[in-house]
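**Student:** Encoded as structure tokens, here's the structure I'll be asking about.
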Amino acid sequence: MLELNPSLWDDVDLPMLQRIAALYDDKGPFNAESLAQHFQIDLEAREIAFSAKRLADHGYIEAQNRAGGFPHTIVNVTEKARQILSGFRTTRVEIAAPQFEDLGPQLDDLVAKVAMALQGNPAHPNAPRWRKLLAAAADVGAGASA
């Protein structure tokens with residue numbers, strides 16, 4: 001039997017709530033089982049059911065339940081959920097990916113280390129991976145000094 005862990009039950013699964021809200025906004029009321037298929041979530045049906053139940057129990061979603069109180073059909077995403085999601089979306093920070101040129105010195109250093117390791121032990125179990133890395137580095141012109 002599962003023990004009731006209050007911290008586990010009090011947490012809001014924001015990624016799941018976002019998915020539910022997105023699917024509800026797109027399709028209207030939907031079968032809870034279609035959530036995993038629509039978003040290709042790699043979770044067991046039981047994990048999705050528990051997450052949806054917590055969201056329903058805390059008033060973030062309205063659902064028609066099956067036996068045991070687990071949501072069968074999501075019929076509404078509440079205003080409480082919308083407020084949390086709007087705050088969650090505004091706190092995201094855009095992080096710029098580094099430019100390839102900025103990574104040059106680090107990449108050159110890595111290529112030099114890989115070349116030395118391969119030269120020192122060409123029969124190492126990772127040698128095929130190292131050769132692929134060196135070939136890719138040569139393809140992009142990295143580690144020319146190595």
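The values are calculated or read from the model by the stated rules, or taken from the named source; none is laboratory data. As the structure is a computational prediction, the values presented were derived from the model and not from experiment. Glycine also receives a Cβ, built like all others from the backbone with ideal geometry; neighbour counts cover every protein chain displayed.
**Student:** Any residue in segment 50-59 that is farther than 15 Å from Asp13 by Cα and surrounded by fewer than 16 Cβ atoms within 10 Å (Cβ to Cβ)?
**Tutor:** If we filter segment 50-59 for residues that are farther than 15 Å from Asp13 by Cα, which is where we start, we get none.
Looking through segment 50-59, none of the residues is farther than 15 Å from Asp13 by Cα and surrounded by fewer than 16 Cβ atoms within 10 Å (Cβ to Cβ).
**Student:** Continuing with the same structure: Among the residues of segment 54-79, which ones are within 11 Å of Leu17 (Cα to Cα) and of a type in the set (Lys, Arg)? Before the answer, list the steps.
**Tutor:** Taking segment 54-79 first, the residues within 11 Å of Leu17 (Cα to Cα) are 54-56, 60-61, 77-78.
Scanning segment 54-79 gives a single hit, Arg54.
**Student:** Right, something else. Could you grab me the full set of residues in segment 39-91 that are of a type outside the set (A, V, I, L, M, F, W, C) and under 19 Å from the mean Cα position of the chain (by Cα)? Show your work before the answer.
**Tutor:** Step one: of segment 39-91, the residues of a type outside the set (A, V, I, L, M, F, W, C) are 40, 42, 44, 46-47, 51, 53-54, 57-60, 62, 64-66, 68-69, 71-73, 76, 78-80, 82-83, 86-87, 89-91.
Gln40, Asp42, Glu44, Arg46, Glu47, Ser51, Arg89, Thr90, Thr91, listed by residue number.
**Student:** Out of curiosity, is Gln106 over 30 Å from Leu17 (Cα atoms), polar (S, T, N, Q) and modelled with pLDDT under 80?
**Tutor:** Numbers: over 30 Å from Leu17 (Cα atoms): yes; polar (S, T, N, Q): yes; modelled with pLDDT under 80: no.
Taking the combined requirement at face value, the residue does not satisfy it.
**Student:** So which residues in segment 48-91 are within 17 Å of Lys27 (Cα to Cα), modelled with pLDDT of 90 or more and of a type outside the set (A, V, I, L, M)?
**Tutor:** Scanning segment 48-91 gives Glu62, Gln64, Thr73, Asn76, Thr78, Arg82.
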